[in-house]
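**Student:** Dropping a structure here in structure tokens format, bear with me for questions.
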């Protein structure tokens with residue numbers, strides 16, 4: 001049976017389900033490109049920045065400015081751009097900038113969850129409407145072809161809409177779970193690399209004998 005015929009037989013709920021499926025595909029493509037760029041470019045960039053920072057913080061800063069489209073680069077920049085920051089200030093800058101990046105990393109999660117939840121419900125609604133149509137077509141003592149056709153059409157509507165709703169939900173769920181896994185992995189990497197950067201900063205701070213603001217004597221009145 002042609003796809004167009006299946007869509008027509010699925011009833012009125014097929015239109016919102018089609019809209020949700022198109023929305024899901026568009027958002028999946030956007031997230032796929034987003035995470036693909038991060039996975040492909042991030043690790044190499046971070047290793048280069050950490051190696052540069054051991055030798056020259058200025059060179060590391062310039063490297064990060066070239067990669068501002070990566071979330072972890074923006075996190076590192078927020079901390080490295082602080083002038084004469086002590087360890088506590090540096091850590092707070094890393095943490096606050098990482099929190100600011102969370103909505104970008106979790107973008108569209110709520111939309112995915114909505115599609116996953118609503119699609120089966122729309123399929124169930126189509127099932128109910130199809131059964132109502134089938135029962136409405138039944139007439140006691142009427143076994144003619146017209147009645148049989150209407151009953152069959154109602155059952156087809158019930159089954160097709162349910163299958164399509166479940167299909168949209170399952171398809172979206174698979175990718176949404178994959179993106180959640182990438183998000184958790186990204187959070188772990190931010191913590192790992194942020195800790196390494198903080199340690200290098202602390203050692204650089206101590207090696208160059210920079211004053212610690214908390215240990216400076218109070219100004220004379």
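Rule-based calculations on the coordinates, nothing more; no lab input. The structure displayed is predicted, hence computed values, not measured ones. Glycine gets a Cβ as well: all are built from the backbone with ideal geometry, and neighbour counts include every protein chain shown.
**Student:** With a point put 7 Å past each Cα toward its Cβ, work out how far residue 84 is from residue 109 in nm, to one decimal.
**Tutor:** Label-label distance for residue 84 and residue 109, simple model: 4.0 nm.
**Student:** What area, in nm² and to one decimal, does the C-alpha convex hull of the range 1-97 cast on average over all directions? Show your work: numbers first, answer last.
**Tutor:** Details: hull surface 37.9 nm².
Averaging across all directions leaves 9.5 nm² for the Cα convex hull.
**Student:** Given a Förster distance of 30 angstrom, what is the FRET efficiency for residue 25 paired with residue 69, based on the Cβ-Cβ distance and rounded to 0.05?
**Tutor:** Given R0 = 30 Å and the Cβ-Cβ separation, E is 0.80.
**Student:** So between residue 8 and residue 92, what do we pick up on full extension, going 0.36 nm a residue minus the alpha carbon distance? Spell out each step's value before the answer.
**Tutor:** Values: separation 84, 0.36 × 84 = 30.24 nm, distance 5.75 nm.
Gain on stretching residue 8 to residue 92: 24.5 nm.
**Student:** Quote to one decimal, in nm, the extra length available between residue 189 and residue 136 on full extension: 0.36 nm per residue of separation minus the C-alpha distance between them. Intermediate values should be presented prior to the final figure.
**Tutor:** Details: separation 53, 0.36 × 53 = 19.08 nm, distance 5.93 nm.
That pair, residue 189 and residue 136, stretches by 13.2 nm at full extension.
**Student:** Any chance you could check the Cα centroid distance between the range 174-197 and the range 45-83 for me, in angstrom?
**Tutor:** 19
**Student:** For residue 102 and residue 174, calculate 0.36 nm times their separation in residues minus their Cα-Cα distance, and state this gained length in nm to one decimal. Walk me through the intermediate numbers first.
**Tutor:** Details: separation 72, 0.36 × 72 = 25.92 nm, distance 2.14 nm.
Taking residue 102 through residue 174 to full extension adds about 23.8 nm, to one decimal.
**Student:** Please compute the Kirkwood hydrodynamic radius over the range 8-209, one decimal place, Å, based on all pairs of different Cα atoms.
**Tutor:** For the range 8-209, inverting the mean 1/r across all distinct Cα pairs yields 20.6 Å.
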